Amino acid sequence: EIDHRISIASTLVHFDYGGHHINLIDTPGYPDFIGQVSGALRAVETALILLNAGHGVEINARRVSKMAEEAGIARMIVLNKCDTENIDYDSLLNSIRETFGSHCIPINLPVGLGADFKAVHDLVKNAQAPDAGTLGDPDGTRQELIEAIVESNESLLERFFEGEEISAQELSANIPKAMAAGTLIPVLFMSAKTGVGVAEFMDAMSNYTLCPQDIQRMEQTKDGRSVMLDPSPDQPFVAQVIKTRIDPFISKMSYLRVFSGKLNKDSSVVNVRTGKPVRLNQLLDVQGGKQEPVDEVTVGDIFAVAKVDDLKLGDTIAADVNGDGLSLPEIKFPHPVVGLAVEPKSQNDQQKISGALHKIEEEDQTFHVIHDEETHEMVMQGMSELHLKIVQERLLHRDKVEVVTHQPKVPYRETIMGTVEGSYRHKK
């Protein structure tokens with residue numbers, strides 16, 4: 001990541017802010033590593049889609065938004081770099097609405113853009129008149145915002161139609177419900193460089209993003225019945241592996257999100273896929289690249305376990321209560337689209353390369369390794385040339401295996417060898 005100056009893997013951090021504990025998963029912005037987004041979306045209730053205000057809506061943002069919508073989680077759009085010159089507010093907002101839908105409504109408005117970006121005007125609290133230079137239509141946009149919020153609450157909707165004023169406190173309290181229902185996708189403006197709008201973004205993330213209880217998730221019983229998952233710490237324990245990482249020093253790391261119940265260290269649970277018990281001797285709190293042991297995890301927590309070889313990405317682990325074996329839906333990943341034949345530069349690494357590639361395949365579900373029986377080649381498949389280049393660099397730096405690659409051979413089955421003549425009689 002340092003060499004390429006881009007993110008290639010998801011990273012988890014957590015912190016307390018505004019009276020809430022927030023888990024934040026940073027995912028790569030390049031489509032080459034979209035598989036990292038798939039696992040992260042399973043672990044969260046809200047997707048924060050960060051856009052460069054100077055560039056507008058880019059391809060990967062569209063894809064991530066679609067994935068979040070299909071996963072049934074809420075979305076919030078954050079426009080960063082609003083201090084960039086030559087930003088047209090109306091064109092930018094119209095582009096967002098054309099791409100993500102008419103439910104994209106600003107909850108604050110920029111006071112100026114580019115070098116003039118000095119503040120944001122809060123449309124929820126609306127505690128004071130807009131400053132001179134506030135862009136857009138403050139009154140009209142706030143009316144749109146109110147309508148989107150009350151649409152998800154019958155009581156508020158009835159009062160709204162009767163002409164009653166809805167208080168700022170009621171609007172604020174019902175924004176998460178509107179986001180969960182899909183009637184509102186909040187849009188915010190900020191500049192991380194200058195700090196303008198950052199505090200307002202942090203407040204919005206704390207107050208408006210969803211909690212585990214705000215999302216309805218389904219799980220399946222052994223006989224195939226779908227049942228509603230109860231995200232309560234008092235229910236039987238259910239968690240899912242949302243990421244796998246092979247570490248050269250501590251072997252395999254599995255990252256799990258807790259969806260129900262509690263779990264103490266030294267507990268035994270069941271891997272629903274295999275039906276076998278799994279002993280978790282140590283639970284690890286994850287903060288970036290650091291891990292610290294913890295005694296207990298509960299609903300909403302994301303934790304890690306080390307050296308549990310039977311766990312695979314997407315596995316559900318659960319308390320073996322009455323042998324129900326409740327499992328969460330599998331995590332769906334995009335299929336690879338490019339391939340390269342690969343072989344070790346040194347024949348001494350012939351055995352080593354196969355194991356190294358399969359380790360990467362276990363970490364990254366958008367990377368596949370196949371052995372073509374017709375051409376007798378080992379072919380690695382990924383999302384792009386950059387994706388496969390990163391794989392080669394991992395082989396070299398982590399496994400000390402240098403490889404050579406080339407385009408896979410085409411397994412021709414039939415080919416034209418010459419010309420022939422023929423005749424026939426056609427009868428009507």
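Before moving on, here are some points about what is shown:
- The set of residues from the range 256-299 being buried (at least 18 other Cβ atoms within 10 Å of the Cβ) and either part of a loop (DSSP other than H, G, I, E, B) or of a type in the set (Lys, Arg) (or both) comprises Arg257, Gly261, Lys262, Val272, Val299.
- Of all residues in the range 213-229 being buried (at least 18 other Cβ atoms within 10 Å of the Cβ) and of a type outside the set (A, V, I, L, M, F, W, C), the one that is modelled with the lowest pLDDT: Glu219
- Subset of the range 33-62 (residues that are over 11 Å from the mean Cα position of the chain (by Cα) and among the basic types (Lys, Arg)): Arg62
- Residue check for Leu135: touching a residue at least 12 places away in the same chain (Cβ under 8 Å) and under 29 Å from Leu41 (Cβ atoms): no
- The residues in the range 192-211 that are of a type outside the set (A, V, I, L, M, F, W, C) and crowded, with 20+ Cβ neighbours inside 10 Å can be counted, and the count is 3.
- The condition (being touching a Cys at 6+ places or on another chain (Cβ under 6 Å) and among the polar types (S, T, N, Q)) is satisfied by just one residue among Ser191, Ser167: Ser191.
- Where Gly114 falls short, out of the listed (1) of a type outside the set (A, V, I, L, M, F, W, C); (2) at negative phi; (3) under 31 Å from the mean Cα position of the chain (by Cα): (2)
- Within the range 81-127, considering residues that are surrounded by fewer than 18 Cβ atoms within 10 Å (Cβ to Cβ) and basic (Lys, Arg), the one farthest from Thr141 (Cα to Cα): Lys118
- Exactly one residue among Gln381, Gln392 is crowded, with 19+ Cβ neighbours inside 10 Å, polar (S, T, N, Q) and not in a loop (DSSP other than H, G, I, E, B), and that residue is Gln381.
- Boolean, Ala181 is in contact (Cβ under 8 Å) with a residue 60 or more places away in the chain, over 20 Å from Asn126 (Cβ atoms) and among the hydrophobic types (A, V, I, L, M, F, W, C): no
- So Arg245, is it more than 24 Å from His358 (Cβ to Cβ), part of a strand (DSSP E or B) and in contact with a strand residue (DSSP E or B) (Cβ under 6 Å, 6 or more places away or on another chain): no
- Considering residues of the range 241-255 that are hydrophobic (A, V, I, L, M, F, W, C) and at pLDDT below 90 only, the residue surrounded by the fewest Cβ atoms within 10 Å (Cβ to Cβ): Phe249
- Considering each residue of the range 412-426 in turn, none proves to be buried (at least 17 other Cβ atoms within 10 Å of the Cβ) and assigned to a loop (DSSP other than H, G, I, E, B).
- Residue check, Leu188 in contact (Cβ under 8 Å) with a residue 12 or more places away in the chain, assigned to a helix (DSSP H, G or I) and closer than 27 Å to Leu50 by Cα: no
- Conditions (1) surrounded by fewer than 20 Cβ atoms within 10 Å (Cβ to Cβ); (2) at negative phi; (3) part of a loop (DSSP other than H, G, I, E, B); number of the one not met by Lys177: (3)
- Asp364 meets the stated requirement of being in contact (Cβ under 8 Å) with a residue 40 or more places away in the chain and charged (D, E, K, R).
- Just one of the numbered conditions (1) more than 28 Å from Ile215 (Cα to Cα); (2) touching a residue at least 24 places away in the same chain (Cβ under 8 Å) is not true of Asn348: (2).
- One residue from Arg42, Arg62, Arg5 being touching a helix residue (DSSP H, G or I) at 6+ places or on another chain (Cβ under 8 Å) and exposed (fewer than 15 other Cβ atoms within 10 Å of the Cβ): Arg62
- Whichever residue in the range 392-428 is basic (Lys, Arg) and within 25 Å of Glu373 (Cβ to Cβ) and, among such residues, is modelled with the highest pLDDT: Lys409
- Candidate set: the range 209-251, residues that are hydroxyl-bearing (Ser, Thr, Tyr) and without any contact (Cβ under 8 Å) to a residue 60 or more places away in the chain; chosen: the one nearest to Leu24 (Cα to Cα): Ser251
- Residues of the range 311-363 that turn out to be surrounded by fewer than 18 Cβ atoms within 10 Å (Cβ to Cβ), touching a Leu at 6+ places or on another chain (Cβ under 8 Å) and part of a loop (DSSP other than H, G, I, E, B), as a count: 0
The values are calculated or read from the model by the stated rules, or taken from the named source; none is laboratory data. Predicted model only: the values in this text are computed from it and were never measured. Reconstructed Cβ throughout: ideal geometry from the backbone, glycine too, with neighbour counts over all protein chains shown.
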